[in-house]
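This report concerns only the one structure given below.
Quick note: the coordinates plus some simple rules give every number you see, no bench work behind them. Bear in mind the structure is a predicted one, so any value in this text is a computation, not a measurement. FYI the Cβ positions are ideal-geometry reconstructions off the backbone, even for glycines, and counts take in every protein chain you see.
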Amino acid sequence: MKPDLKIDQIHHVAYRCKDAKETVEWYGKMLNMDFILAIAEDRVPSTHEPDPYMHIFIDAGMGNVLAFFELPTKPEMDRDRNTPIWVQHIAFKVKDRDTLISFKEHLEANGVEVLGVTDHSIFHSIYFFDPNGHRIELACPDPKEEAMLKRMDDVKWAMLEEWSQTKKAPKHADWLHAKELNKSN
């Protein structure tokens, strides 16, 4: 590959939604994200397939765009049943732990069930579901994030190589969740 070929950033990430209006309103109310664009057509531009859709775009901050498609002629949306529900998710960064806690309180006050705060050592997270069933994570950096990321960077290739050969979790970074594991024992 040519060395001058490099991705600038994610343009947008698209998911399916059950109801475009409900999705726009939920992300606005729960996560303070602005509705920035809607596209609706009767034909898919890339495939030319006749299929009406509503495509909405939401500002996820700092040039990041979250998009959704409402597809009324397709079978009801579902998730990949062969993948655990905790795997597929959208994670958004928030400034700090105080902001994370404020979001947790805001979501719970509006009837959203929230899991966490989970301490991942490098960052701290809460988890919840949007009205479409997509798992959402809000994460804030740990104050010691920089030093911990350096520590993780030093072992990433060794971990990947060991995993690719054994398909067992390498122990190079057991320290990440040591506090959480000790709490549960």
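What do you get for trypsin sites (Lys or Arg not before Pro) in the range 38-101 restricted to DSSP loop and a cutoff of at most 11 other Cβ within 10 Å of the site's Cβ?
Working: sites: Arg43, Arg79, Arg81, Lys93, Lys95, Arg97; in loops: Arg79, Arg81, Lys95.
Taking the range 38-101 and a limit of 11 other Cβ atoms within 10 Å, the loop trypsin sites (Lys or Arg not before Pro) found are Arg81, Lys95.
For the pairs Lys93/Lys150; Lys144/Lys167; Lys2/Lys171; Lys29/Lys144, flag any whose C-alpha to C-alpha distance is greater than 24 Å. Please report the intermediate quantities before stating the final value.
Numbers: Lys93/Lys150 19 Å; Lys144/Lys167 30 Å; Lys2/Lys171 35 Å; Lys29/Lys144 32 Å.
Pairs exceeding the cut-off: Lys144/Lys167; Lys2/Lys171; Lys29/Lys144.
Provide the gained length on full extension for the span Lys93 to Thr166, in nm with one decimal, where the gain is 0.36 nm per separating residue minus the Cα-Cα distance.
On the way: separation 73, 0.36 × 73 = 26.28 nm, distance 3.25 nm.
Roughly 23.0 nm would be gained on extension.
Given a Förster distance of 30 angstrom, what is the FRET efficiency for Glu105 paired with Met159, based on the Cβ-Cβ distance and rounded to 0.05?
Numbers: r = 36 Å, r/R0 = 1.20.
The computed FRET efficiency comes out at 0.25.
Positive end of the charge dipole of the range 69-185 (Lys, Arg +1 and Asp, Glu -1 on Cβ, about the Cα centre): tell me which of Leu71, His124, Met152 has its Cα farthest that way.
Positive-most Cα among the choices belongs to Met152.
Can you find, among Ile90, Phe103, Trp163, the residue sitting farthest towards the positive end of the charge dipole of the chain, where Lys and Arg contribute +1 and Asp and Glu -1 at Cβ?
Working it through, the farthest residue towards the positive pole turns out to be Trp163.
Treating cross-link reach as a plain straight distance, find the lysines whose alpha-carbon is under 25 Å from the alpha-carbon of Lys74, omitting any fewer than eight places away in the same chain.
Once the sequence-local lysines are set aside, what remains near Lys74 is Lys18, Lys21.
Name the residues whose placed amide hydrogens come within less than 5 Å of the amide hydrogen of Met54, ignoring near sequence neighbours (fewer than 5 apart) on the same chain.
Those lying under 5 Å, H to H, from Met54 are Glu70.
Does the range 85-143 come out rounded, prolate or oblate by the C-alpha gyration tensor, with a ≥ b ≥ c the root eigenvalues, rounded set by a/c under 1.5 and, if not, prolate when a/b is larger than b/c and oblate if not?
Details: a/c = 2.12, a/b = 1.27, b/c = 1.67.
Judged from the Cα gyration tensor, the range 85-143 comes out oblate (a/c at least 1.5, b/c at or above a/b).
Among 134-141, 3-10, 68-75, how do they line up by average Cβ neighbours within 10 Å per residue, starting with the highest? It would help to have the intermediate numbers written out before the result.
Values: 134-141: 19.4, 3-10: 6.6, 68-75: 14.4.
Packing order, densest peptide first, comes out as 134-141, 68-75, 3-10.
How much of the DSSP beta bridge set in the range 80-185 is antiparallel, as a percent to the nearest 5?
On the way: 10 of 15 bridges.
Looking only at bridges with both residues in the range 80-185, the antiparallel portion is about 65 percent.
Compute the helix-to-body angle for 20-31: its Cα long axis versus the longest principal axis of the chain, expressed 0 to 90° and rounded to tens.
40
Explain nothing, just the number: dipole magnitude of the chain about its Cα centre with +1 on each Lys and Arg Cβ and -1 on each Asp and Glu Cβ, in debye rounded to the nearest 20.
On the way: 24 positive and 32 negative charges, 129 e Å.
Roughly 620 debye for the chain.
For the chain, find the longest principal axis of its Cα atoms and tell me its angle to the long axis of helix 145-166, 0 to 90°, nearest 10.
Helix 145-166 and the main axis of the chain meet at about 90 degrees.
For the chain, build the charge dipole from Cβ charges (+1 Lys, Arg; -1 Asp, Glu) around the Cα centre, then report which of Thr23, Ala173, Ala40 sits farthest towards its positive end.
Towards the positive end, the residue furthest out is Ala173.
Mind listing which chymotrypsin sites (Phe, Trp or Tyr not before Pro) in the range 70-129 are in a DSSP loop and have 15 or fewer other Cβ atoms within 10 Å? List each step's numbers first, then the result.
Numbers: sites: Trp86, Phe92, Phe103, Phe123, Tyr127, Phe128, Phe129; in loops: Trp86.
Passing sites in the range 70-129 are Trp86.
Counting DSSP beta bridges with both partners in the chain, what percentage is antiparallel, nearest 5? List each step's numbers first, then the result.
Details: 23 of 33 bridges.
The answer is about 70 percent antiparallel.
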